[in-house]
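Reading through the structure tokens given below for one structure.
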Amino acid sequence: MTAIYTTLALVIGVAVLAPRPVGGRKNLTAVFGGTEHEAVRSGTRWAVDILAAEGISPSKQPLVAIRELRRANRGLSLAGAKVLHDQMKLTH
């Protein structure tokens, strides 16, 4: 019985201490700096340049585009790359 309680306590402790996922805009702020708005704007400019250099169309190849952005900057989360991809669809 003690083993069950010990295991349960360990599982709960790990769940409490596990890092929480960071939202896309917060990730962009961490990667590009500034306010969320500035980070999205500068990140979008960066993303457009990266994808243009690789010849990747964000509208025709969305998964390839998101993967390439994350490859180009390892600090970029999936949520952050998705925000940049969505912004590119709105502006281009």
Legend entry - segment 47-76, residues that are touching a residue at least 24 places away in the same chain (Cβ under 8 Å) and either buried (at least 20 other Cβ atoms within 10 Å of the Cβ) or in a helix (DSSP H, G or I) (or both): 47, 48, 51, 58, 76
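Here's a check for you: in segment 32-46, which residue that is small (Gly, Ala, Ser) and assigned to a helix (DSSP H, G or I) is surrounded by the most Cβ atoms within 10 Å (Cβ to Cβ)?
Narrowing segment 32-46 to residues small (Gly, Ala, Ser): 33-34, 39, 42-43.
Then keep just the ones that are assigned to a helix (DSSP H, G or I); that gives 39, 42-43.
Numbers: 39: 22, 42: 15, 43: 28.
Only one residue tops the list, namely 43.
Bear in mind these aren't lab numbers, they're just calculated from the coordinates by the rules spelled out. Predicted model, so just to flag it, every value in this text is computed and none were measured. Virtual Cβ from ideal backbone geometry, glycine too; neighbours counted across all protein chains shown.
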